[in-house]
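Take a look at the structure below.
The values are calculated or read from the model by the stated rules, or taken from the named source; none is laboratory data. Remember, it's a predicted structure, so these values are computed and weren't measured experimentally. As a convention, Cβ positions derive from the backbone with ideal geometry for all residues, glycine included, and neighbour counts pool all protein chains shown. What goes into the accessible areas is simple: the full protein's heavy atoms, side chains included, and nothing from ligands, DNA or RNA. Shrake-Rupley method; radii C 1.70, N 1.55, O 1.52, S 1.80 Å.
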Amino acid sequence: QVQLVESGGGLVQAGGSLRLSCAASGRTFSSSPMGWFRQAPGKEREFVAAISWSGGSTYYADSVKGRFTISRDNAKNTVYLQMNSLKPEDTAVYYCAADPSGSAYYHRFYGYWGQGTQVTVSS
């Protein structure tokens, strides 16, 4: 059974940092792009960041560019999201996803999802 398990969410003050992890089990995703998405209450799920299979290419939403960094460790089958200079508008449930069949920017192309981890940024 394939599983993606996120961890590292929590409550942080504005300006603080968090590091999310997403550990995959059941199969290896070392040859697949992976991504992070988020969904705030009452809003649609939105793209946050994505990374190529090798880690050599990364992609970010404009809203997080320069503050968030996506990385991966294929030996550990894990992808990370380092979030710095957090803002209240970053509050959302963060999901990792793997193995898109199309553009990595669109959630509908991803075949595997984690259960999500809550990130809350207080002002």
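Points worth noting:
- Pair list, Cβ < 6 Å and 6+ apart or interchain, from the range 73-101 residues that are under 21 Å from GLN115 (Cβ atoms) to residues that are among the basic types (Lys, Arg): VAL79/ARG72; GLN82/ARG19; ALA92/ARG38; TYR94/ARG38
- LEU4 being of a type outside the set (D, E, K, R) and closer than 21 Å to SER122 by Cα: no
- Residue list for the range 1-29, filter: β-branched (Val, Ile, Thr) and on the phi > 0 side of the Ramachandran plot: none
- Residue count, the range 83-122 (criterion: at pLDDT 95 or above, outside any strand (DSSP E or B) and small (Gly, Ala, Ser)): 3
- Residue in the range 51-74 that is aliphatic (A, V, I, L, M) and touching a Phe, Trp or Tyr at 6+ places or on another chain (Cβ under 6 Å) present: yes
- Where THR28 falls short, out of the listed (1) surrounded by 15 or more Cβ atoms within 10 Å (Cβ to Cβ); (2) in a loop (DSSP other than H, G, I, E, B): (1)
- Residue match in the range 72-79 (condition: of a type in the set (Asp, Glu) and open to solvent by less than 20 Å² (accessible area, probe 1.4 Å)): no
- For the range 51-62, the criterion of a residue being at negative phi and buried (at least 22 other Cβ atoms within 10 Å of the Cβ) is satisfied by at least one position.
The rows are residues; the columns are (1) of a type in the set (A, V, I, L, M, F, W, C); (2) surrounded by 16 or more Cβ atoms within 10 Å (Cβ to Cβ); (3) under 19 Å from GLY111 (Cα atoms).
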residue: GLY8; (1), (2), (3): no, yes, no
residue: LEU11; (1), (2), (3): yes, no, no
residue: LEU18; (1), (2), (3): yes, yes, no
residue: PRO33; (1), (2), (3): no, yes, yes
residue: ARG45; (1), (2), (3): no, yes, yes
residue: PHE68; (1), (2), (3): yes, yes, no
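- Any hit, the range 66-88, residues being among the hydroxyl-bearing types (Ser, Thr, Tyr) and over 28 Å from THR28 (Cα atoms): yes
- Every residue from the range 19-47 that is within 15 Å of THR120 (Cβ to Cβ) and either small (Gly, Ala, Ser) or under 12 Å from the mean Cα position of the chain (by Cα) (or both): LEU20, ARG38, GLN39, ALA40
- Subset tally (residues that are at pLDDT below 95 and outside any loop (DSSP other than H, G, I, E, B)) for the range 35-82: 0
- Residues (within 13 Å of PHE29 (Cα to Cα), open to solvent by less than 40 Å² (accessible area, probe 1.4 Å) and among the hydrophobic types (A, V, I, L, M, F, W, C)) located in the range 89-123: CYS96, ALA97, ALA98
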